[in-house]
Amino acid sequence: MYRRAAEFLRLYHREHPDVGPLGRRLTAVREEVAGLGTYRHTPDELAFGARVAWRNSNRCIGRLYWRSLQVRDLRQVTDAEAVAAECAGHLRIATNGGRIRPLISVFAPDAPGRPGPRIRGDQLIRYAGHRAADGTVIGDPRTTELTELALRLGWTPPAEPTPFDVLPLVVDAAGGEPRLFPLPADAVLQVPLDHPDRRWSTQWGLRWYAVPAVSDMCLEIGGVCYPAAPFNGWYMGTEIGARNLADTDRYDLLPRVARSLGLDTGSDRSLWKDRALVELNRAVLHSFDRAGVTITDHHAESRRFLQHVAREGHRGREVGADWSWIVPPMSGAATPVFHRTYDSTERSPAFVRHDGRTAGTHAGAPPAKTSYGDGDSWWP
């Protein structure tokens with residue numbers, strides 16, 4: 001624990017030389033760790049650690065904005081009901097009337113014998129996956145397990161399920177059983193989706209939510225794990241149009257779009273998937289722009305990522321990146337991030353995901369870094 005703490009504090013003092021003597025802080029932390037098995041970050045250390053965790057996120061293309069992250073210090077919050085209320089508050093602040101703010105809300109950390117709260121589900125907002133008796137799914141197949149957990153905890157779904165029913169939050173208080181909390185309607189901004197010049201889209205009832213707030217990753221700073229630290233940026237259009245709505249194990253809309261366009265779907269050589277993918281992504285960007293909700297496109301964000309690489313290079317910092325995630329899921333070779341290689345070394349502070357082996361991890365043994373594969377990959 002102390003070794004990780006010292007590494008982080010040296011980084012913090014190196015980038016903030018005006019905060020006071022490093023040696024005095026190291027001595028205080030060494031004594032805390034010896035007596036308690038953990039230590040407490042100052043508010044400034046917490047904010048710095050959260051921002052640098054974003055800066056270090058190898059799978060995030062949007063890191064140019066890492067300094068703009070707003071940090072809510074909610075470490076005093078451990079009760080499940082209070083966590084849920086603050087998550088709704090997070091969404092309201094982040095939504096900002098459609099002008100999405102990058103935001104993180106950091107709840108109580110894990111400590112020896114005292115786990116912090118946890119949020120079930122990979123994002124604060126998710127659509128239900130209603131599994132029918134024949135195995136088909138209405139909604140998002142990715143969330144069928146979370147939907148079934150919500151049902152067991154007492155959630156009453158709509159009498160007529162739709163593909164876009166917002167799931168309630170499921171929160172575990174420190175060491176407690178999971179509890180269910182519906183998200184208030186005013187905390188969930190949804191964007192109706194249609195195409196700029198094709199009438200078929202208005203008849204389908206498509207929509208997507210505005211704030212991609214990742215909620216099941218641990219914020220690890222200097223050996224301390226904050227297991228409930230939901231964070232968001234804004235969407236890149238391909239996350240919705242080329243992944244969430246297009247993946248065959250998600251909403252699988254490409255065949256439907258292709259049929260509506262009159263495309264020959266009998267052979268992949270007609271490139272019907274590619275043509276349908278472009279039109280679906282046009283619909284997403286058009287709809288968010290029309291609604292006045294922040295969204296970026298993969299061409300602009302690729303250029304900005306290379307700005308970030310250059311800017312960090314001027315400061316003597318190398319930018320790590322996972323090529324397979326930085327390259328957008330459509331038109332990759334048409335973007336400048338495609339035509340280069342990256343160092344994939346993982347650095348700390350970091351966002352890491354709990355797996356089954358690490359769900360009870362406490363401070364001093366941060367959870368393993370595990371993969372996260374979803375359309376909502378902009379963060380991080």
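Quick notes
- Computed from Cα positions, the angle between helix 43-55 and the longest principal axis of the chain comes to roughly 40 degrees.
- For the chain, calculated [θ]222 nm from helices alone, where every DSSP H run of n ≥ 4 adds -39500 (n - 2.57): -9500 deg cm²/dmol
- Gln190-Arg315 pseudo-label distance in nm [points 7 Å out on the Cα-to-Cβ vector]: 3.9 nm
- Cα→Cβ-extended label distance, 7 Å offset, between His299 and Arg259, nm: 3.2 nm
- Put simply, when 314-327, 200-213, 10-23 are sorted by average Cβ atoms within 10 angstrom per residue, most first, you get 200-213, 314-327, 10-23.
- Within a Gaussian network of the chain (alpha carbon springs, distance under 10 Å), most fluctuating of Ala133, Ala258, Ala53: Ala133
- Estimated FRET transfer efficiency when R0 is 41 angstrom, pair Glu32-Ala133 (beta carbons, to 0.05): 0.15
- Atom-type composition of the exposed protein surface of the chain places 49 percent of the accessible area on carbon and sulfur (1.4 angstrom probe).
- Prolate/oblate/rounded call for the chain, Cα gyration tensor, a/c under 1.5 rounded: oblate
- Once both labels are positioned 7 Å from their Cα atoms along Cα-to-Cβ, the gap between Glu160 and Trp200 label points is 2.3 nm.
- Net length gained if the chain between Gln76 and Val19 were fully extended (0.36 nm per residue, minus Cα distance): 18.1 nm
- Label point 7 Å beyond Cα of Arg275 along Cβ direction - residues of region 182-198 with amide nitrogen under 16 Å: 198
- Nearest-ten-degree value, helix 22-36 long axis tilted from longest Cα axis of the chain: 80 degrees
- Angle in degrees between helix 272-291 and the longest Cα principal axis of the chain, rounded to the nearest 10: 70 degrees
- Cα centroid separation - region 274-311 against region 110-177, whole Å: 29 Å
The values are calculated or read from the model by the stated rules, or taken from the named source; none is laboratory data. In this text the structure is predicted, and so the values were computed from the model without any measurement. Cβ: placed from backbone, ideal geometry, glycine included. Neighbour counts: every protein chain shown. Quick note on the areas: whole protein, heavy atoms, side chains included, nothing else; ligands and nucleic acids left out. Shrake-Rupley method; radii C 1.70, N 1.55, O 1.52, S 1.80 Å.
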